[in-house]
Amino acid sequence: MKNNWWKILTVILLFYAIFQGLLGTVPRQPILNESIRNLYFHVTMWFAMITMLLVSMVYSVRYLRSNLQADDDKSAEFAKTGILFGVLGCITGSLWANFTWGEPWPNDPKLNSAAVGMLIYFAYLLLRSSFEDEQRRARISAVYNIFAFAIFLPLIFVLPRLTDSLHPGNGGNPAFSSYDLDSQMRLVFYPAGIGWILLGVWISNLRYRTKAIQRINNERMEIAG
Amino acid sequence: MKRIVPLFVFLSLFSINLFAQQSVQSDVAMADLMRADGKIWVVVGVIALVFAGIVTYLIRLDSKISKIEKELNIK
């Protein structure tokens, strides 16, 4: 219980997000109508993704300093969870755009930047799978991870704001500042964001623990055989 | 006193444009009917059920991994 309290918190926060997100009052906006509630699911997913990728990069840096395989495992699993959230974010955003912007992919700078960012991280996965030797794989993918994150942030935060964009927060559209986001929505948005982040941590946690078990099993097999 | 009353009347004239606001209820289409019917609970129920399923899966996976970790004596 001492170690698992945050998992229970995850479940509570996400159930809260589902219930309050669908039943609570939201601003009545034209074009968006009820789909404004996607704020609690699509947008929070992207924030969770960025957090996962940030943690992944931090573990990459740690690996380069410590050379501990555990750090590389964690870096890889957080990146994979981040990529999962990113793909889900793209799909949910595309579905949302289909009904509010008229088409699923309107060639918007933010969307294209997000897609490029996802491709960069897919390449990270490819890179990892192309190495047999664990140490080399870990070192090279750690370096790539750091560069990938360093490029990813300007790509999705800076570039779209420099030009016209449909996407909220870019191209002069309102987004999350205190003047833009309705206070009622904030009450659900922040807990939901934390809930999704914790969910990503939970999934990554399960995955790198499985990795560690597999590694120990392999070592024991090698010793035995 | 002689100047304050005209001042207040003048200032309250600014609120005349509030009469132009229409009832928001009729302006933007929302899921009011779903709520009136109570059908919104179906939506909530479906999503909550899906999520409950995923959480159950996570919890079972977590306990399986914990068990193996205990067997192998990992931290």
Just to verify a result, which residue in region A:1-47, among those that are free of Cβ contacts under 8 Å to residues at least 12 places away in the same chain and not in a helix (DSSP H, G or I), is surrounded by the most Cβ atoms within 10 Å (Cβ to Cβ)?
A:Arg28
Over region A:48-68, the set of residues in contact with a Phe, Trp or Tyr (Cβ under 8 Å, 6 or more places away or on another chain) and surrounded by fewer than 18 Cβ atoms within 10 Å (Cβ to Cβ) is A:Leu54
Is one or more of the residues making up region A:47-59 more than 27 Å from B:Ser66 (Cβ to Cβ) and at pLDDT below 95?
yes
Can we say A:Val43 is within 26 Å of B:Ala52 (Cα to Cα) and more than 14 Å from chain B (Cβ to nearest Cβ)?
yes
Apart from one, (1) at pLDDT below 75; (2) surrounded by fewer than 10 Cβ atoms within 10 Å (Cβ to Cβ) all hold for B:Val24; the odd one out is (2)
Is region A:77-93 home to any residue that is farther than 20 Å from A:Phe41 by Cα and at pLDDT below 90?
no
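Only one of A:Leu23, A:Leu88, A:Leu84 is more than 22 Å from A:Leu119 (Cα to Cα) and aliphatic (A, V, I, L, M); which?
Working: A:Leu88 fails: more than 22 Å from A:Leu119 (Cα to Cα); A:Leu84 fails: more than 22 Å from A:Leu119 (Cα to Cα).
Just one listed residue meets the conditions, A:Leu23.
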Filter region A:103-136 down to the residues that are within 30 Å of A:Ala70 (Cβ to Cβ), in contact (Cβ under 8 Å) with a residue 40 or more places away in the chain and surrounded by 14 or more Cβ atoms within 10 Å (Cβ to Cβ) and list them by number.
A:Tyr121, A:Tyr124, A:Leu125, A:Arg128
Going by what's in this entry, would A:Trp5 be described as at pLDDT below 90, away from every other protein chain (no Cβ under 13 Å) and over 19 Å from A:Leu127 (Cα atoms)?
no
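The values are calculated or read from the model by the stated rules, or taken from the named source; none is laboratory data. Just so it is clear, the structure is predicted and the values come from calculations on it, not from any experiment. In this analysis, Cβ positions are derived from the backbone assuming ideal geometry, glycine residues included, and neighbour counts consider all displayed protein chains.
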